[in-house]
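Remarks on the structure that follows.
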Amino acid sequence: MKKGLPALVFLVVLLLVVCIAYFVRPYQTDAPGKKENRTSSPGAGQAEPVWVNKKDVITVEWDGKRTSWLLRRTSRTKDAESGWTLNGKPVAQAEADTILSQMNSLLAKGAEGKRPASSLKNKAIDSNVTVTSGPDAEEKVYLISNETADPSIFWIIPSEGSYVYPISEKDMNLLEKTIDQLKASSPPK
């Protein structure tokens, strides 16, 4: 019995250490997909920009090398849904919401990979996006560009921001495909 006693004590102590480490978790990291709100870095207290606020947007004009389009709110009443046009042809509220949601999704995905605007080198402008929103019809301009070294990544460049946000070519193509389908399926005005 005396020979097995040190081994038993060692196992009990090891079990206690494991239990304490499990419940205390001194080296715990954030769950996947969750980011801790850190305020130690410059500008960390600022909220990430929203590309388009769905309820306030009046127009979105996308003028690019590969595609150009204009989404415009035609009416706004408190009791009814807004009317929308895409390149002058009527589109349903759900279709306009899809476009705006996809645009916001691009920015949200890019927020994790944002980098200082000054870090872009040899950029080529692909598109110019103007969003008009709010009661004062405030315009915000964004450039979409890519670097000649990696043309498969596009960058959202807010005119008033100090960061740029990456967009994969796949996500850009998905938005363009949605727009092209809506342009093709919209009934004539």
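A short reminder: the numbers here are calculations on the coordinates, not readings from a lab. On a predicted model such as this, the values are computed, not experimentally measured, just so you know. Because the Cβ atoms are built from the backbone with ideal geometry, glycine has one as well, and the counts that use them run over all protein chains shown.
Kindly write out, for the stretch 117-126 in residue order, the coupling ³J(HN,Hα) from the Karplus curve 6.51 cos²θ - 1.76 cosθ + 1.60 (θ = phi - 60°), rounded to whole Hz, with x marking Gly and Pro.
4, 5, 7, 6, 10, 6, 8, 10, 6, 9
Please compute the length gained on full extension between Thr74 and Val141, using 0.36 nm multiplied by the number of residues separating them and subtracting their Cα-Cα distance.
The span from Thr74 to Val141 would gain 22.0 nm if fully extended.
Taking the Cα centre of the stretch 77-189 as origin, work out the dipole magnitude from +1 charges on Lys and Arg Cβ and -1 charges on Asp and Glu Cβ, in debye rounded to 20.
About 200 debye.
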